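The values are calculated or read from the model by the stated rules, or taken from the named source; none is laboratory data. Quantities reported herein were computed from a predicted structural model and do not represent experimental measurements. As a convention, Cβ positions derive from the backbone with ideal geometry for all residues, glycine included, and neighbour counts pool all protein chains shown. Quick note on the areas: whole protein, heavy atoms, side chains included, nothing else; ligands and nucleic acids left out. Shrake-Rupley method; radii C 1.70, N 1.55, O 1.52, S 1.80 Å.
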Amino acid sequence: MPLTTLSDSSRAPNASDGGLRGTHVLVTGAAGGIGSAICKVLGDIGAFPIGVDRVADSSRDILCCDVGSDEAVVACARDLEAREMMPMVVVHTAAISENLTTLESAPKSFARIFNVNTVGAVRLAQAFAPAMKKAGRGSFIFLSSINGQMGCPGLAAYATSKGALDALTKTLALELASDGIRVNAIAPASIDTPLLNDKFAASADPVAARAANIRRHPLGRLGTPEDIANMVIFLTSDAAGWITGGIHLIDGGAHLARR
């Protein structure tokens, strides 16, 4: 697939680029609300986002790469290397979930969710860290969740996978620090995406469900995909050059008053 929009160095940034201008950035889950916002903001500052998802979308320059597959991630890395587009930044937002408690969720469901949310991050590190090590620089951002730190009844497998992702973030940060590679996670609360709105719509009273969710956040609103994108830009920029191994809450204060 031609990726002309990803390699057009004539594009001028419309904001401070934080050292990211001209940098190839791989974004998983690029078809989703958060992933697509990250790609847009990266493009706006002159970086070259490489969006991947389980299904390719040529209209948005989204390539096919299933992070739940060893073979798919390795093939993606080889393809980008052949195109001289190996990313120095990898942002993992792809995730799956189910609405079940620990006792309701089948062990195979835990394994399926871990395979994408947590082991997917391992695959990405193994595929792309070697090129970063060779370059002596790089950054990984893993999208975690406030639920990984606080727990979430009814989202057992998802919350557990995000808690494991937090531990992976800290471990990988230590392992790669001497190579000049930073690893951080972002832990959001409720983000206003089509997926969240679908959950509201499935409730008996969507308006009340949305209002109740907003009340969980002391700042009085849901987060936006752009809130997450802006944090990604900061954490991968030169301004965050001494930050690694952190689980960065971006939750409107929800962790202060869980309700």
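Within region 69-87, the set of residues being crowded, with 19+ Cβ neighbours inside 10 Å and not in a helix (DSSP H, G or I) comprises Met86, Pro87. Thr102 passes every criterion in (1) open to solvent by less than 50 Å² (accessible area, probe 1.4 Å); (2) among the β-branched types (Val, Ile, Thr); (3) touching a Pro at 6+ places or on another chain (Cβ under 9 Å) apart from (1). Pick from region 26-47 the residues that are surrounded by 24 or more Cβ atoms within 10 Å (Cβ to Cβ) and over 13 Å from the mean Cα position of the chain (by Cα): which of them is farthest from Met132 (Cα to Cα)? Among those residues, the one meeting the criterion is Leu42.
With the requirement that a residue be of a type outside the set (D, E, K, R), assigned to a helix (DSSP H, G or I), touching a residue at least 12 places away in the same chain (Cβ under 8 Å) and more than 18 Å from Cys76 (Cα to Cα), what does region 101-116 give you?
Ser109, Phe110, Ile113, Phe114
Before we move on, is Ala173 in a helix (DSSP H, G or I) and open to solvent by less than 20 Å² (accessible area, probe 1.4 Å)?
Values: in a helix (DSSP H, G or I): yes; open to solvent by less than 20 Å² (accessible area, probe 1.4 Å): yes.
Yes: the conditions hold for Ala173.
Can you name every residue in region 119-145 that is part of a loop (DSSP other than H, G, I, E, B) and either open to solvent by 20 Å² or more (accessible area, probe 1.4 Å) or of a type outside the set (Gly, Ala, Ser) (or both)? Hits for region 119-145 are Gly136, Arg137.
Of all residues in region 201-259, those satisfying the criterion of being open to solvent by less than 30 Å² (accessible area, probe 1.4 Å), more than 22 Å from Lys170 (Cβ to Cβ), in a helix (DSSP H, G or I) and not aliphatic (A, V, I, L, M) are Asn213, Pro225.
Summed over region 176-200, the residues that are in a helix (DSSP H, G or I) and farther than 21 Å from Glu98 by Cβ give a count of 4.
Pairs linking a residue in region 71-95 that is within 23 Å of Ala164 (Cβ to Cβ) and without any contact (Cβ under 8 Å) to a residue 24 or more places away in the chain to a residue that is in a loop (DSSP other than H, G, I, E, B) and open to solvent by 50 Å² or more (accessible area, probe 1.4 Å), with Cβ atoms under 7 Å and 6 or more positions apart or on different chains, are Ala72/Asp66.
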